[in-house]
């Protein structure tokens, strides 16, 4: 059942790295809570209390907006194959854009993708696991290419225009990009 760990253990890190998808939740004091699924090879464990992920262009900017005003961030990993297992990482997140020291130090840790907005960093202050007994089995059949295809076809200028149109503010009216 549920266990709180002092840090991201080697066993847990290996298991999280094997997952094809994770979820990120954020919120501000007011407005909607945001929960986003993340895929591709975008998650990195930097240490026992530090993780980051590559933030790709999407139709919203909720996580970035929330982190800029609040900072709370939660990750959820689920076993959709193999033994049941869940892991949650709670912490304080920050947004790092191109030109920022953290971004430049870590962008090389990820595959090059079109539409990169930022790297989201999280200082993890709580690590927990739980059973995941009710999470169903799903078969992983591959990555969707739609996001890469769409952002790649836009080119850098088109992506920036998209940010101006779709990522300027959050659905709660907070500043985005």
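For the range 51-61, indicate whether the set of residues that are on the phi > 0 side of the Ramachandran plot, surrounded by fewer than 17 Cβ atoms within 10 Å (Cβ to Cβ) and more than 10 Å from the chain's Cα centre (by Cα) is non-empty.
We begin by selecting, within the range 51-61, every residue on the phi > 0 side of the Ramachandran plot; these are none.
No, the conditions are met nowhere in the range 51-61.
For the range 75-93, name all the residues that are farther than 15 Å from residue 12 by Cα and buried (at least 19 other Cβ atoms within 10 Å of the Cβ).
Once the filter is applied, which keeps residues that are farther than 15 Å from residue 12 by Cα and buried (at least 19 other Cβ atoms within 10 Å of the Cβ), the range 75-93 yields 91, 93.
For a quick check of your reading of the model, give me the residue pairs whose first member lies in the range 94-105 and is under 21 Å from residue 72 (Cβ atoms), whose second is at pLDDT 95 or above and in a helix (DSSP H, G or I), with beta-carbon atoms closer than 7 Å and at least 6 apart or on different chains.
As it stands, the answer is 94/67; 95/64; 95/67; 95/68; 96/102; 96/103; 97/103, since those pairs meet every condition given.
Would you tally the residues in the range 38-64 being assigned to a loop (DSSP other than H, G, I, E, B) and out of contact with any strand residue (DSSP E or B) (no Cβ under 6 Å at 6 or more places or on another chain)?
Selection size over the range 38-64: 8.
Of all residues in the range 20-36, which are farther than 15 Å from residue 73 by Cβ and either in contact with a helix residue (DSSP H, G or I) (Cβ under 6 Å, 6 or more places away or on another chain) or loosely packed, with under 14 Cβ neighbours inside 10 Å (or both)?
Within the range 20-36, 30, 32 qualify.
In this structure, does residue 43 turn out to be without any contact (Cβ under 8 Å) to a residue 40 or more places away in the chain and buried (at least 19 other Cβ atoms within 10 Å of the Cβ)?
yes
Report every pair of residues separated by at least 6 positions or lying on different chains whose Cβ atoms are under 7 Å apart, first residue within the range 117-144 and farther than 25 Å from residue 46 by Cβ, second loosely packed, with under 10 Cβ neighbours inside 10 Å and at pLDDT below 95.
Going by the 7 Å Cβ cut-off, the qualifying pairs are 131/1.
The values are calculated or read from the model by the stated rules, or taken from the named source; none is laboratory data. For clarity, every value in this text was computed on a predicted model and none was experimentally measured. Positions of Cβ are generated from backbone atoms using ideal geometry, with glycine treated the same way; all protein chains shown enter the neighbour counts.
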